[in-house]
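Note sheet for the following structure.
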Amino acid sequence: MAEQNQQFDSFQEWVNKASSWLTRHPRYHERFYKVVCFDTKGRRCQIGKDFMRADEEGTFPIRWWWPDQPIEELVVRLDDTKTK
């Protein structure tokens, strides 16, 4: 399941699942607690046009990282993204 991998495999999956998957974290509703999404080029995806660009450029999957995850996990994800 893509959610367990913290990624959206396609634009359509992002459209269909983002609102439910990215709001499940218990701290989601805290004011400054925001998920970080990035494409396979390591670019942040924050708004719809970023995800549309990723779709047009073929830079899915889009992965995400929660602020309370160890930063090492983010670095590994970025490294993994750049090697694909």
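One quarter of the convex hull surface, Cα atoms only: what value does that give for the range 1-53 in nm²?
Taking the Cα atoms of the range 1-53, their convex hull projects to 4.0 nm² on average.
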Going by average Cβ neighbours within 10 Å, how do the peptides 21-34, 58-71 rank, with the highest at the top? 58-71, 21-34
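Taking 0.36 nm per residue of sequence separation and subtracting the Cα-Cα distance, how much length would be gained by fully extending the chain between residue 36 and residue 9, in nm to one decimal?
Taking 0.36 nm per residue and subtracting the Cα distance, the gain is 8.1 nm.
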Show me, for the range 20-33, the HN-Hα J-couplings you get by feeding each phi into the Karplus relation (A = 6.51, B = -1.76, C = 1.60, θ = phi - 60°), rounded to Hz, glycine and proline as x. 8, 5, 8, 10, 7, 5, x, 9, 3, 7, 5, 3, 9, 9
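Read-outs: derived from the displayed coordinates by stated rules, not from any lab. This is a predicted model, so every value here is computed, not measured. Backbone-built Cβ (ideal geometry, glycine too); neighbour counts: all protein chains shown.
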